[in-house]
Amino acid sequence: MRTTATTTASDTSASAPVAAPEGSEDDGTPDVIWKLRHIASEMPAGLLQAFSTANMSQSELNQLDVQRAISRWQRMPLDTGSGEVQVAILTVRIQQLAAHLQRHHKDKHSKRRLSMLVSQRNRVLKYLRRKQRERYMEVISGLNIRATKAFDPTLMGHPQGNKTSWAAKGLNKHTPKKRKKRATPYGEAKSPKGRTRLVKHAVRQRRLLKRRLKAAAARQAADASPGASQ
């Protein structure tokens with residue numbers, strides 16, 4: 001994952017709460033760039049400070065978190081492809097992307113990548129649950145993964161008898177909603193075209209009434225004039 005701004009080690013420690021590997025901090029070996037881990041014990045103090053976590057980029061910090069997760073869940077040395085390791089790596093990357101999206105919520109590419117990683121982890125968890133149930137339970141409890149019906153088919157949705165479910169009502173998302181009939185001041189109609197026709201008819205009747213009243217007033221004025229009486 002690429003970011004434009006670098007963060008400190010305290011930001012990434014909260015995003016990936018996995019156990020530290022053997023030989024990183026427990027035995028006194030400091031954390032340096034992963035490429036220089038083999039010669040960390042022979043490096044002087046100045047170089048150790050230069051390549052420590054305080055001066056690492058975000059990608060280097062993310063790589064350290066991934067390696068810690070691998071060393072925590074690997075079955076044997078150099079194990080990077082077992083189901084537990086794959087779930088741990090995907091979980092760390094998901095946490096890193098989630099922390100990144102909290103700072104850059106408009107990053108659409110990272111949002112899509114996050115959904116892809118979640119789907120990939122669900123597939124691995126579904127396989128691990130089917131093949132090795134004990135390791136599956138250990139992984140979801142150790143990584144604090146909430147079981148969902150995406151990889152655990154025993155978790156079902158709402159029952160059919162629930163009043164809030166659409167299936168109980170015989171509806172689905174494509175069922176059109178029933179609209180209430182709106183009363184118009186010109187009468188009732190079953191369709192919008194019918195209401196428009198009623199409105200036009202009422203306007204014509206009002207105009208005709210105005211003409212008749214105007215003609216009647218003109219006749220009365222003509223009858224009341226002195227020339228008409230002679």
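Laboratory data are not the source of any read-out in this text; all were calculated from the coordinates shown. Predicted model only: the values in this text are computed from it and were never measured. Reconstructed Cβ throughout: ideal geometry from the backbone, glycine too, with neighbour counts over all protein chains shown.
Residue 200 versus residue 43, label points 7 Å from Cα toward the beta carbon: distance in nm?
Inter-label distance under the simple model: 8.4 nm.
If I model a spin label as a point 7 Å beyond the Cα along the Cα-Cβ vector, how far apart are those points for residue 112 and residue 212 in nm?
For the pair residue 112/residue 212, the computed spacing is 6.9 nm.
For the pair residue 50 and residue 150, how long in nm is the line joining their label points, each one 7 Å along Cα→Cβ?
4.4 nm
Quote to one decimal, in nm, the extra length available between residue 57 and residue 102 on full extension: 0.36 nm per residue of separation minus the C-alpha distance between them.
14.4 nm
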